[in-house]
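The values are calculated or read from the model by the stated rules, or taken from the named source; none is laboratory data. Nothing here was measured: the structure is a model prediction, and the numbers come from that model. Glycine also receives a Cβ, built like all others from the backbone with ideal geometry; neighbour counts cover every protein chain displayed.
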Amino acid sequence: MTDPLHIAGRTFHSRLMLGTGKYRTPEEMNAALAASGTEIVTVAIRRLPLDTPGEKTLLDYVDWSRYTILPNTAGCATPEEALRIARLARALGLPDWIKLEVIPDAKYLLPDPIGTLEAARLLIEEGFAVLPYINDDPVLARRLEEIGCATVMPLASPIGSGQGMVNFEQIKIIIEQATVPVVVDAGLGAPSDAALAMEIGASAVLVNTAIAQAANPALMAEGFKRGVEAGRLAYRAGRIPKRPYATASSPLEGVVR
């Protein structure tokens, strides 16, 4: 592990996190998880059929010994709902960390910045490591970091849109200012989008719809794995600056005339 990812006191080798929603079958989900090389799998606790005893849930299909489960508060519109779902995840025996989503708008699915900040404070007070999903807002990212969040997770574009990286400059500022991992989350549509996020310095990416809804989820998951690895290598190597003019690849000195 020459380039590990550290989040909330945990160490990981893969910088690709996967969601578990929208897969057509549990078999397709598990094939994608395996092909991706991921170590972190996020599960929407509110969308589990916990009121039906004996019915299998996503948690029954994910290998807890192989993956670290990151519970999330998808479906919560208020800080109070998010806190309740986090407590439920804790009661289920899941780790004391939470991907925080506070989304009151059902049409555009954009996170509520005020509600997210308030919920993060409440969760941190109760001992959770908080990984908040946010807009590409550098000021909010800084505030969340200051109160003790383990990461910040700005969206690349709206959830499930597949638009890819449309917010480069704002996310660059978040990355520049952050002292915690920056995980680009939502809207990535193809491995090239993940590579771009990693090239500008993101610590990791989280992908769900682009893999789950692909014609071949396992193959797309492998593509995202390679995209993340390529982007991270490019970031560490240090790309050349963009120039408005051409520069000869061969030296001009000693040219035969």
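Would you confirm, using the coordinates I've provided, whether SER14 is assigned to a loop (DSSP other than H, G, I, E, B), at pLDDT below 95 and of a type outside the set (A, V, I, L, M, F, W, C)? So that I can check it myself, show each step before the final result.
On the way: assigned to a loop (DSSP other than H, G, I, E, B): yes; at pLDDT below 95: no; of a type outside the set (A, V, I, L, M, F, W, C): yes.
The answer is no for SER14.
For ILE171, indicate whether it is of a type in the set (A, V, I, L, M), closer than 20 Å to ALA8 by Cα, out of contact with any helix residue (DSSP H, G or I) (no Cβ under 7 Å at 6 or more places or on another chain) and in a helix (DSSP H, G or I).
So ILE171 fails the test.
Residue by residue, here is whether (1) in contact with a helix residue (DSSP H, G or I) (Cβ under 8 Å, 6 or more places away or on another chain); (2) modelled with pLDDT under 95; (3) surrounded by 19 or more Cβ atoms within 10 Å (Cβ to Cβ) holds:
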residue: LEU88; (1), (2), (3): yes, yes, no
residue: ASP105; (1), (2), (3): no, yes, no
residue: ILE124; (1), (2), (3): no, no, no
residue: LEU131; (1), (2), (3): no, no, yes
residue: LEU140; (1), (2), (3): yes, no, yes
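Would you point out the residue of region 58-68, among those that are surrounded by 15 or more Cβ atoms within 10 Å (Cβ to Cβ) and modelled with pLDDT of 80 or more, that is farthest from TRP97 (Cα to Cα)?
Within region 58-68, the subset surrounded by 15 or more Cβ atoms within 10 Å (Cβ to Cβ) is 58-59, 61-62, 67-68.
Narrowing further to those that are modelled with pLDDT of 80 or more: 59, 61-62, 67-68.
Values: LEU59: 16, TYR61: 20, VAL62: 18, TYR67: 14, THR68: 11 Å.
Looking at residues that are surrounded by 15 or more Cβ atoms within 10 Å (Cβ to Cβ) and modelled with pLDDT of 80 or more, I get TYR61.
Anything in region 90-102 that is surrounded by fewer than 21 Cβ atoms within 10 Å (Cβ to Cβ) and either modelled with pLDDT of 95 or more or in contact with a strand residue (DSSP E or B) (Cβ under 6 Å, 6 or more places away or on another chain) (or both)? List them, or say none.
Here is the first cut: in region 90-102, the residues surrounded by fewer than 21 Cβ atoms within 10 Å (Cβ to Cβ) are 90-96.
Passing the criteria: only LEU94.
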- Task: Specify which of the listed residues (VAL180, VAL205) is without any contact (Cβ under 8 Å) to a residue 40 or more places away in the chain, surrounded by 13 or more Cβ atoms within 10 Å (Cβ to Cβ) and under 18 Å from the mean Cα position of the chain (by Cα).
- Result: VAL180
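Go through region 59-111 and count every residue that is charged (D, E, K, R) and farther than 21 Å from ASN208 by Cα. Show your work before the answer.
So the first thing to find is which residues in region 59-111 are charged (D, E, K, R), and the list is 60, 63, 66, 80-81, 84, 87, 90, 96, 99, 101, 105, 107.
From what is left, the residues that are farther than 21 Å from ASN208 by Cα are 80-81, 84, 87, 90, 96.
Residues that pass the stated criteria total 6.
Considering only residues that are assigned to a loop (DSSP other than H, G, I, E, B) and surrounded by fewer than 18 Cβ atoms within 10 Å (Cβ to Cβ), which ones fall in region 208-245?
GLN213, ALA215, ASN216, GLY238, ARG239, ILE240, PRO241, LYS242, ARG243, PRO244, TYR245, listed by residue number.
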